[in-house]
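Any read-out appearing in this document is the output of simple, stated calculations on the displayed coordinates, not a laboratory observation. If you're wondering where the values come from, they're calculated on a predicted model, not measured in any experiment. Cβ: placed from backbone, ideal geometry, glycine included. Neighbour counts: every protein chain shown.
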Amino acid sequence: MHASAKSPGLPDLPAIQSLARPDMAAVDTLIRQRLASDVVLINQVAEYIIGAGGKRLRPMLLLLATGAVGRSVGEAIGKEAHQLAAVVEFIHTSTLLHDDVVDESDLRRGRRTANAVWGNAASVLVGDFLYSRSFQLMVELESMPVQKILADTTNRIAEGEVLQLLHVRNPDVDEAAYLRVIERKTAVLFAAATRLGALLAGASEAVQQQLHDYGLNLGYAFQIADDVLDYASDAETLGKNLGDDLAEGKATLPLIHAIRHADADTATRLRAAIEHGDTDALPDVLAAIQATGGLEYSRQRARDYADLAGQALKGLGDNEYVGALRGLAGYAVNRDH
């Protein structure tokens, strides 16, 4: 990816974070209050992963979408938005805990994963705690539309987890199958966050759908760009090891493209690398991805989805929150970590 994460004429990530900072501070306070349990291990594991930092992109999207609608957001809506943003972060965090167990990962954001520190059983069970805590928070708001969106979303995420498991070490995964996993594992939670923001602010169903479409396409762009970084970055920048996806037997878009366009012998070697999770083959894999233009093809697909995200915002006006959402579409595809 490019060194800069700023698109011309649009706010960069620090500016967007600055816009959301007061609300995000309230969300962080709420997250820590509602993480609390009298079971010490839950506090330790949950604080470890929540406290790891990260960009808090999903809860921030919910808050920005609330502002993007351009309605007056009173104190009551603000509190509900903070609570729902915390719900979204808890759901995301629980999926990270489960993901790292399934993927047998030992590094995330440059430090050891929770399962590497406490073991798989603790990570899975604390992930379950965060899921159920998110539903407690959600139910407190007593909104059936909110509950339906989040129930449907978490169900789709679970489908995505299973679907990805079925694709592990499967060299026959094509682009369409890859995108189906991304939709469920990443894009649906982005879309839920932005739709919920619009819903809270009293937007029409049509505007809610626009913000849903924005979030969905942003999620695709973000994940494809992430998968490019796994073959175009390093552990220091990325916070995980180069080639981790290959080690886990995951066929992501750069490699799928390479298999499709390489000569028969190279394609056979690439397929074997996926089947065996063979990181020793990484130099050959990188060379094949380079030779077939796999990185540039994947970057362009990410840009295509980012463009669709931008188009979904048409007609919403040009307030600073809409500008921030446009800026995030640029950031998603121009970042280096």
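Annotation: amide H-H contacts under 5 Å for Arg108 (H modelled 1.01 Å from N, sequence separation of 5 or more, or interchain): Thr113.
The phi torsions of the range 142-149, fed into the Karplus equation with coefficients 6.51, -1.76 and 1.60 and a -60° offset, translate into couplings of 6, 10, 4, x, 4, 4, 5, 4 Hz, rounded to whole numbers, with Gly and Pro shown as x.
Is there a quick way to get the dipole size of the chain? I mean about its Cα centre, with the Cβ of Lys and Arg at +1 and of Asp and Glu at -1; what is the value in debye to the nearest 20? With only Lys, Arg, Asp and Glu charged at Cβ, the dipole is about 860 debye. Applying 1/(1 + (r/R0)^6) with R0 = 51 Å to the Cβ-Cβ distance of His261 and Asp38 gives a FRET efficiency near 0.35. The length gained by stretching the chain between Asp304 and Lys148 to full extension, at 0.36 nm per residue less their Cα-Cα distance, is 53.2 nm. The value of relative contact order for the range 13-334, using C-alpha pairs under 8 Å at least six residues apart, is 21 percent. Of Asp106, Asp227, Asp213, the sequence from fewest to most neighbouring Cβ atoms within 10 angstrom is Asp106, Asp213, Asp227. Axis angle, to the nearest 10 degrees, between helix 188-200 and the longest C-alpha principal axis of the chain: 10 degrees. Projecting the Cα atoms of Gln208, Thr113, Val69 onto the charge dipole of the chain (Cβ charges, centred on the Cα centre) puts Val69 farthest toward the positive pole.
A Förster radius of 56 Å combined with the Cβ-Cβ distance from Ile77 to Leu282 puts the calculated FRET efficiency at roughly 0.70.
Once you have a ≥ b ≥ c as the square roots of the Cα gyration tensor eigenvalues for the range 13-334, tell me rounded if a/c is under 1.5, and otherwise prolate or oblate according to whether a/b is larger than b/c. Oblate. Gain on full extension, evaluated as 0.36 nm per residue between Asp174 and Asp336 minus their Cα-Cα distance, stands at 55.8 nm. I need to check one value: relative contact order of the range 93-247, counting alpha carbon pairs closer than 8 Å and at least 6 residues apart, in percent. 21 percent. Residues whose amide H comes within less than 5 Å of that of Ser37, counting only those at least five positions distant or on another chain, are Asn43 (H built at 1.01 Å from N in the peptide plane).
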